[in-house]
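Colleague: The structure's right below; bear with me while I get my questions together.
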């Protein structure tokens, strides 16, 4: 009886601790949302008719997109790092960003940006096409060769970046539009955009959470995972397709916002351990906090102008990436 009481008390402590952590994270997010809504190129205070319009039509959709895209990219980063068993992997490793950027660039040059869904549709289509081509190239029989997958992704990234540079050089009139898009931007986001990205993100996160146990098994290695009943190739393929759909949806509306999927899962893993059942929900909160913070800095730092949000995430993420590389080098040395 006493043992049962001890176990019950320990479980209660853990649950209370988890609830407390979630409450702290929610409070931080609410505070950031308030700051993001109130401050920017125009500070809101008196709640005039203009302030109300800015708040409802510009700031709130932008804050919602920050939350949706940040959580989505962080979860996708968690998934890629589990599948590739590499903490340096991120959602753009398979050429999603370069494919979407090329699609958006072509849409802008062809004048499709005048259409409601011209740029997002082309970006989404090219991102998906790029990843499916890369996955096909890496397929050996019924298996995906991970090394080939990564090398193909890197090659496509370089190729498409070169093509985008040529497009920008030829069409100098639209160069600033392409450049701003490739650096990531949340300006001009509408409620309909948020709903579209949220639909992909929420459904994707729910499905990926169901794969959390299989992802834990993949961390042990393909042979070990297979020995405990995981269909390794099918699991990897399904996870990569779902996370690619999610990433493509974000990139098609927000442009390329790097390093969130690299930095957030790694920090969360250091705090809560290697269990993806815990990493996924905490990564959602971490991604939201990271994205909201970066967006606030992007809007406030050079107000009334605005920096592309991708530059802020890169300024934070690049040094962190260098730190990870240095850490990996030290472990190899010893």
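Colleague: Considering only region 133-215, give the helices (runs of 4 or more DSSP H) lying wholly within it that have at least 2 residues that are over 25 Å from residue 79 (Cβ atoms), within 22 Å of the chain's Cα centre (by Cα) and modelled with pLDDT of 85 or more.
Modeller: 191-210
Colleague: What are the pairs with Cβ atoms under 6 angstrom where one residue, in region 188-212, is at negative phi and touching a residue at least 40 places away in the same chain (Cβ under 8 Å) and the other, located anywhere, is assigned to a helix (DSSP H, G or I) and surrounded by fewer than 15 Cβ atoms within 10 Å (Cβ to Cβ)? Sequence gap at least six, or different chains.
Modeller: Within 6 Å, the pairs are 212/277.
Colleague: Could you list, in sequence order, the residues of region 267-280 that are surrounded by fewer than 22 Cβ atoms within 10 Å (Cβ to Cβ), touching a residue at least 40 places away in the same chain (Cβ under 8 Å) and either within 13 Å of the chain's Cα centre (by Cα) or assigned to a helix (DSSP H, G or I) (or both)? Give the steps one after another, and end with the answer.
Modeller: At the first step, the residues of region 267-280 found to be surrounded by fewer than 22 Cβ atoms within 10 Å (Cβ to Cβ) are 267, 269-275, 277-278.
Okay, now just the ones that are also touching a residue at least 40 places away in the same chain (Cβ under 8 Å), so 269, 274-275, 277.
Matches in region 267-280: 269, 277.
Colleague: Between 64, 106, which is under 16 Å from the mean Cα position of the chain (by Cα), farther than 30 Å from residue 220 by Cα and surrounded by fewer than 22 Cβ atoms within 10 Å (Cβ to Cβ)?
Modeller: Residue meeting the stated conditions: 64.
The values are calculated or read from the model by the stated rules, or taken from the named source; none is laboratory data. Not measured: the values here are computed from a predicted model. Neighbour counts are summed over all protein chains in view; Cβ atoms, including those assigned to glycine, are modelled from backbone coordinates with ideal geometry.
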